[in-house]
1. Hey, can you tell me all the residues within region 305-348 that are of a type in the set (Ser, Thr, Tyr) and touching a Phe, Trp or Tyr at 6+ places or on another chain (Cβ under 9 Å)?
2. Which pairs have Cβ atoms under 7 Å, sit 6 or more apart or on different chains, and link a residue in region 163-186 that is within 16 Å of the ligand (Cβ to nearest atom) to one that is open to solvent by less than 20 Å² (accessible area, probe 1.4 Å) and among the basic types (Lys, Arg)?
3. Find all pairs meeting these conditions: Cβ atoms under 6 angstrom apart; at least six residues apart or on different chains; first residue within region 190-203 and on the phi > 0 side of the Ramachandran plot and in the same structural domain as Ser264 (by TED's automatic domain parsing); second residue within 11 Å of the ligand (Cβ to nearest atom) and modelled with pLDDT under 95.
4. For the condition in a helix (DSSP H, G or I) and modelled with pLDDT of 95 or more, what is the one hit in Gly352, Gly341?
5. Going by the conditions given, is Gly156 on the phi > 0 side of the Ramachandran plot and either within 16 Å of the ligand (Cβ to nearest atom) or touching a residue at least 24 places away in the same chain (Cβ under 8 Å) (or both)?
6. What is the number of the single condition among (1) surrounded by fewer than 19 Cβ atoms within 10 Å (Cβ to Cβ); (2) within 15 Å of the ligand (Cβ to nearest atom); (3) hydrophobic (A, V, I, L, M, F, W, C) that Ala193 does not meet?
7. State the number of residues belonging to region 151-176 that are open to solvent by 20 Å² or more (accessible area, probe 1.4 Å) and under 21 Å from the mean Cα position of the chain (by Cα).
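The values are calculated or read from the model by the stated rules, or taken from the named source; none is laboratory data. Remember, it's a predicted structure, so these values are computed and weren't measured experimentally. As a convention, Cβ positions derive from the backbone with ideal geometry for all residues, glycine included, and neighbour counts pool all protein chains shown. Accessible surface areas use protein heavy atoms only, side chains included; no ligands, DNA or RNA. Shrake-Rupley method; radii C 1.70, N 1.55, O 1.52, S 1.80 Å.
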Amino acid sequence: MISAGFAMEKLNVGVIGATGMVGQNYVRLLEGHPWFNVVFVAASERSAGKKYSEAVAGRWQMTSPIPESVKDLMVFDAAKVGEAEGECDFIFSAVEMDKERVRALECEYASHGMPVFSNSSAHRWTDDVPMLIPEINPRHLDIIPAQKKNHGWSRGFIVVKPNCSLQSYLTPVYALIKEGYSVDRMILTTLQAVSGAGYPGVASLDIVDNIIPYIGGEEEKSEKEPLKILGSIKDGRFVNSDSMKVSAHCNRVPVVDGHTACVSLGFKEKKPSLEEILSIWSGFKALPQELDLPSAPKQPIIYIAENNRPQPRKDRDIDKAMAVVVGRVRPCNVFDIRFVGLSHNTVRGAAGGGILNAELAVKKKLI
Ligand code: NAP
């Protein structure tokens, strides 16, 4: 921990996978963060040993320059966990590699005393690892003492984020459930941006002037992950919710940033009117807003009434790119209601969401 020069002390953080699409967003978003300070960056052995600015030369995808505080940091090989020990209070993980290796690597950082906030899907189905959207299931962090005990970790632990597209629709759905409107059916069609595939991602000749109606593994994630997030903790393990059936179509579309979801919902019994839905969404606030976490959007769900919104280019950056923007709320002829949701996939759905998870863990004194 370093002193910021006044009462507030900043935590020293490491980013592994710092050179990739999500890692670059961590580096960008953490510049000037009031609580966190990037002191350690790591990636594959291809980047190791280079200055950060050299490692990302020709592939820096952010519109702002590389932060001065990071550009000269040496990139370490993420596999050499010992290099981070003693340097980092905790780690953001944005590595893209074989899931078995990610699982082992993240456990190793935790076993070396460094909590890990991960963007990878590797640990999403590990029994004692919370899959967190702080506006929905902040209480899932209550499992951390059990997780540490299960592994014999004294200080380290692992928290993961869900798939990036879930952010576009799950918080608005949860807001209705929280008010007693039990959703039991959901059909969603996602329109997912190319940045979701990392860099260089989808070949331009495949995606320009085109839509690809398949993203490996995404439909399964969209159908299963909400059930863990809406589930509960029993005997130190997560028990999935069985309240809802989900059917997903996931498409890659020629948009740079911003995942859109077209959603139809069916309610079990009581159905909200369209006016009630808008009132619930506009009044929705959760723990990140109550705690005034630095990365929390002031209003987590923003409704835009124009019938041609939300649109990725116009709406993805609203409120630090951390809000979910919804529109086109109307009756559904097959289920009960339908709407369109949008969120920024590499911010709310990735690095910004990971930072919000860490801020919540700090406030809960887990770090
Ligand atoms: P990416 O652009 O392909 O970046 C991958 C990163 O992983 C790079 O820093 C790369 O380092 C590093 N890496 C690759 N092989 C490695 C190895 N063997 N050891 C250590 N580091 C290695 O991918 P991304 O889009 O940033 O995604 C990163 C993770 O976040 C993935 O698990 C992805 O599923 C998840 N995610 C992505 C999004 C999104 O919108 N893009 C959203 C949510 C979650 P080098 O530069 O040295 O190769």
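1. First pass over region 305-348, keeping only residues of a type in the set (Ser, Thr, Tyr): 343, 346.
Once the filter is applied, which keeps residues that are of a type in the set (Ser, Thr, Tyr) and touching a Phe, Trp or Tyr at 6+ places or on another chain (Cβ under 9 Å), region 305-348 yields only Ser343.
2. Gln167/Arg348
3. Gly198/Met21
4. Numbers: Gly341 fails: in a helix (DSSP H, G or I).
The conditions single out Gly352.
5. Here the answer is no, as Gly156 does not meet what is asked.
6. (1)
7. Count: 2.
For every residue, the table says whether it meets (1) at pLDDT 95 or above; (2) open to solvent by 60 Å² or more (accessible area, probe 1.4 Å); (3) within 8 Å of the ligand (Cβ to nearest atom); (4) in contact with a helix residue (DSSP H, G or I) (Cβ under 6 Å, 6 or more places away or on another chain).
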{"position": "Pro34", "(1), (2), (3), (4)": "yes, yes, no, no"}
{"position": "Ser47", "(1), (2), (3), (4)": "yes, no, yes, yes"}
{"position": "Lys50", "(1), (2), (3), (4)": "yes, yes, no, no"}
{"position": "Phe90", "(1), (2), (3), (4)": "yes, no, no, no"}
{"position": "Glu106", "(1), (2), (3), (4)": "yes, no, no, no"}
